[in-house]
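One structure is given here, and the rest of the page talks about it.
Bear in mind these aren't lab numbers, they're just calculated from the coordinates by the rules spelled out. These figures come from a predicted structure and were not determined experimentally. FYI the Cβ positions are ideal-geometry reconstructions off the backbone, even for glycines, and counts take in every protein chain you see.
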């Protein structure tokens with residue numbers, strides 16, 4: 001295995017699971033709809049808002065990576081839902097499915113050997129596929145930790 005293949009493999013593993021801490025699927029496992037939308041005092045977001053933010057931002061990073069005609073979203077209003085909770089269980093499940101789907105599509109990009117991981121995108125300001133992969137990994141990890149914190153504060157965490 002050459003260095004390029006090894007880098008792709010390691011990025012893929014970091015996108016799909018975690019080694020040093022809880023990964024996203026573990027953090028949301030067993031959540032009920034009430035907990036998802038519960039506002040904890042002194043925190044500006046609910047678990048729902050964090051998950052929906054992850055979905056939106058991750059899809060945005062994927063769009064940026066795939067589309068030379070990318071149009072940026074407005075920060076912060078386009079990245080955060082206003083509602084504290086999903087309308088129903090189906091909306092929650094759709095968000096989770098979209099997070100998984102965009103991560104899967106991005107993983108396929110990472111593993112496309114026709115694409116240079118380090119070559120800057122022509123439509124960016126030096127960003128590359130590697131940078132966007134690291135951003136997705138970092139972003140998902142950061143907000144997963146926040147989800148775990150909220151679950152601890154709600155006394156809804158057994159980790």
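Values as computed for the structure displayed
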| read-out | value |
| --- | --- |
| Radius of gyration, Dmax [the stretch 113-152; alpha carbons; angstrom] | 14.4, 44 |
| Taking only Cα atoms of the chain, radius of gyration then Dmax in Å | 16.6, 50 |
| Paramagnetic label zone (point 7 Å from Cα along Cα-to-C-beta, residue 104; backbone N under 14 Å) in the stretch 1-26 | 16 |
| Mean Cα-pair separation over length for the chain, i.e. relative contact order, pairs under 8 Å, 6 or more apart, % | 32 |
| The stretch 122-159-the stretch 7-66 distance, computed between alpha-carbon centres (Å) | 6 |
| With Cα atoms, 0 to 90° folded angle of helix 129-153 axis to the chain main axis | 10 |
| By average C-beta atoms within 10 angstrom, highest first, the peptides 45-58, 120-133, 73-86, 94-107 | 45-58, 94-107, 120-133, 73-86 |
| Degrees separating the helix 3-16 axis from the principal Cα axis of the chain, which is the longest one | 10 |
| Global size of the stretch 77-159 as Cα Rg and Dmax, reported in angstrom | 16.5, 48 |
| Over the stretch 1-82: Rg over Rh, Cα atoms, Kirkwood Rh | 1.06 |
